[in-house]
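Novice: I'd like to ask some things about the structure below.
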Amino acid sequence: MAQYKYLLEEKDLPTHWYNVIPDMKTPPPPYRHPVTLKLMTPDDLAPVFPQALIMQEASQERWIEIPDEVRDVLKMWRPSPLYRAARWERALDTPAKIYYKWEGVSPPGSHKPNTAVAQCYYAKEEGLEGLATETGAGQWGSALCFATQLFGLKVKVFMVTISYHQKPYRRIAMETWGGNVVPSPSSETKAGRDILAVDPETSGSLGIAISEAIEYAVTHDGWKYSLGSVVNFVLLHQTVVGMEARKQMEMAGDYPDILIGCVGGGSNFAGLFLPFIKDKLDGSKPDLRVINVESTACPSLTRGIYAYDWGDTAKTGPVAKMHTVGHGFIPAPVHAGGLRYHGMAPIICRLLEDGFVEARAYHQNAVFEAAESFARAEGFIVAPETAHAIKAVYDEALACRESGEAKVILFNNSGHGHFDLAAYDAYHRRELPDYALEEEKIQQALAELPQVPE
Ligand SMILES: *Cc1c(COP(=O)(O)O)cnc(C)c1O
């Protein structure tokens, strides 16, 4: 009998997060101060993030213990299942062996609560009253609203305007978990008011929403800011995904030839691949391929440059060295809201520069075609972000059909698309535009990068 699912028990939940930084050939360079552009100190970050997270951000420890209180909450849905996509393999008539880690089983429906829970724990430990954040498609906001109420914290969510209107169900979920949600840009912050004064009809962007959330956090006593992707500590918290997957792949008797994931800020995919890329960094698996998949509407890894840039539009957050299309870049309103961030996790960018990972970008119609093929075979209707990963798996599986190779492919199925069905509807009606992105727009945005002294 075929086996479709590889399941771990609650006692198998990882006890430690894996910190890749001590194992990297070159670690990502430290952050710069948003105004002075000088090296940022932990003191500079203190008004923004809880202290424990600032320590994790710069930690040189390879293994960091997961607090029991965090593991206790993660057990509500973890360990998550690993699936063999046997029906999809048959549908694609490919000799490839396709596996996926299914993160859609969390209450908010994505990988994002893996870090939200940890961040809330440390915020509570520090005695904070609330956390402010931004959200694109609403997955991160949902994850934080879900987690804050479990720890008795308040939450304020700045939601990118286009998603606020395109995805009302996410807002309703956030409000059900007790969150206070406003469309961004809003009139509640100076950053928001400045943008609205110039362009009252703007569809918003994650960069703007981040500026608003940081401003809100530093101007309210007992509040700090919470970020759902990009920074080192978020990637760290997501490594539970890859730690579990390693055990599950062992149960299946396979080791991946190719790892695939979609990247917005890079957290879900890094969470899966970092515990595996350890084997490539130490030379034991030199041929492991790691494919980061982004949207052609926001191609930071494939068309951006590797440079210092602000993490947010109003230039109030840390300056990081990363692949960026520019902090002022406002991407086309593709449905994969979570892939519309101008930058990328500095850890992934450094690994790309050093040749340990690769990157590609897809247009949304091709992406939904692959997601539909997956849904018809495997049943799960995935998030538009995840659908980008599925398109890459689809292409690699068809390449195996051509070459006759039985490669082992593992991808991160980062979340369900139950609140994104309007996107599938638009695809069915052939109303989804494939945005042609003008090089000029990227060049314009790149002209505004900070001049950082090396
Ligand atoms: C937010 C989100 C993403 C993109 O963010 P990353 O930090 O790159 O993981 C991808 N998939 C889903 C389901 C998401 O909610």
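The values are calculated or read from the model by the stated rules, or taken from the named source; none is laboratory data. The model shown is predicted, which means the values in this text are computed figures rather than measured ones. When we count neighbours, we look across all protein chains shown, and the Cβ atoms used for this are built from the backbone with ideal geometry, even at glycine.
Novice: Working only within region 199-217, note down all residues that are surrounded by fewer than 23 Cβ atoms within 10 Å (Cβ to Cβ) and either at pLDDT below 95 or of a type outside the set (A, V, I, L, M, F, W, C) (or both).
Specialist: Kept after step one, since they are surrounded by fewer than 23 Cβ atoms within 10 Å (Cβ to Cβ), are these residues of region 199-217: 199-203, 215, 217.
Those that are surrounded by fewer than 23 Cβ atoms within 10 Å (Cβ to Cβ) and either at pLDDT below 95 or of a type outside the set (A, V, I, L, M, F, W, C) (or both): ASP199, PRO200, GLU201, THR202, SER203, GLU215.
Novice: Also, I was wondering about something else. With respect to HIS342, determine if the residue is surrounded by 20 or more Cβ atoms within 10 Å (Cβ to Cβ) and within 16 Å of the ligand (Cβ to nearest atom). Let's see the steps before the verdict.
Specialist: Values: surrounded by 20 or more Cβ atoms within 10 Å (Cβ to Cβ): yes; within 16 Å of the ligand (Cβ to nearest atom): yes.
So HIS342 passes the test.
Novice: Then there is this: Would you mind finding the one in ILE409, ILE442 that is surrounded by 23 or more Cβ atoms within 10 Å (Cβ to Cβ), more than 16 Å from the ligand (Cβ to nearest atom) and touching a residue at least 40 places away in the same chain (Cβ under 8 Å)?
Specialist: Working: ILE442 fails: surrounded by 23 or more Cβ atoms within 10 Å (Cβ to Cβ).
Among ILE409, ILE442, only ILE409 is surrounded by 23 or more Cβ atoms within 10 Å (Cβ to Cβ), more than 16 Å from the ligand (Cβ to nearest atom) and touching a residue at least 40 places away in the same chain (Cβ under 8 Å).
One line per residue, one yes/no per condition, for (1) more than 22 Å from the chain's Cα centre (by Cα); (2) more than 16 Å from the ligand (Cβ to nearest atom); (3) not in a loop (DSSP other than H, G, I, E, B):
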position: PRO30; (1), (2), (3): no, yes, no
position: ASP44; (1), (2), (3): yes, yes, yes
position: PHE49; (1), (2), (3): no, yes, no
position: ALA52; (1), (2), (3): no, yes, yes
position: MET55; (1), (2), (3): no, yes, yes
position: VAL73; (1), (2), (3): no, yes, yes
position: PRO108; (1), (2), (3): no, no, no
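Novice: Going residue by residue through region 278-290, is there one that turns out to be under 18 Å from the mean Cα position of the chain (by Cα), touching a residue at least 24 places away in the same chain (Cβ under 8 Å) and closer than 15 Å to GLY343 by Cβ? Can you show your working first?
Specialist: Pass one, region 278-290, residues under 18 Å from the mean Cα position of the chain (by Cα): 290.
Restricting the remaining residues to those that are touching a residue at least 24 places away in the same chain (Cβ under 8 Å) gives 290.
Now narrow it down to the ones that are closer than 15 Å to GLY343 by Cβ: none.
Checked against the condition, which is being under 18 Å from the mean Cα position of the chain (by Cα), touching a residue at least 24 places away in the same chain (Cβ under 8 Å) and closer than 15 Å to GLY343 by Cβ, region 278-290 yields no hits at all.
This table checks each residue for (1) at pLDDT below 95; (2) out of contact with any Cys (no Cβ under 8 Å at 6 or more places or on another chain); (3) among the acidic types (Asp, Glu).
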site	(1), (2), (3)
ARG340	yes, no, no
ARG360	no, yes, no
GLU385	no, no, yes
ALA389	no, no, no
ASP395	no, yes, yes
CYS400	no, yes, no
LEU410	no, yes, no
ASN413	no, yes, no
HIS416	no, yes, no
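Novice: Filter region 399-454 down to the residues that are under 25 Å from MET322 (Cα atoms) and of a type in the set (Ser, Thr, Tyr) and list them by number.
Specialist: Scanning region 399-454 gives SER414, TYR435.
Novice: Could you list, ordered by first residue, the pairs with Cβ atoms under 8 Å in which the first is in region 128-155 and closer than 18 Å to HIS416 by Cβ and free of Cβ contacts under 8 Å to residues at least 60 places away in the same chain and the second is away from the ligand (no atom under 14 Å from the Cβ) and in a loop (DSSP other than H, G, I, E, B), at least 6 apart or interchain?
Specialist: Partner pairs satisfying both residue conditions: GLY141/GLY179; SER142/TRP177; CYS145/TRP177; CYS145/GLY178; CYS145/GLY179; PHE146/TRP177.
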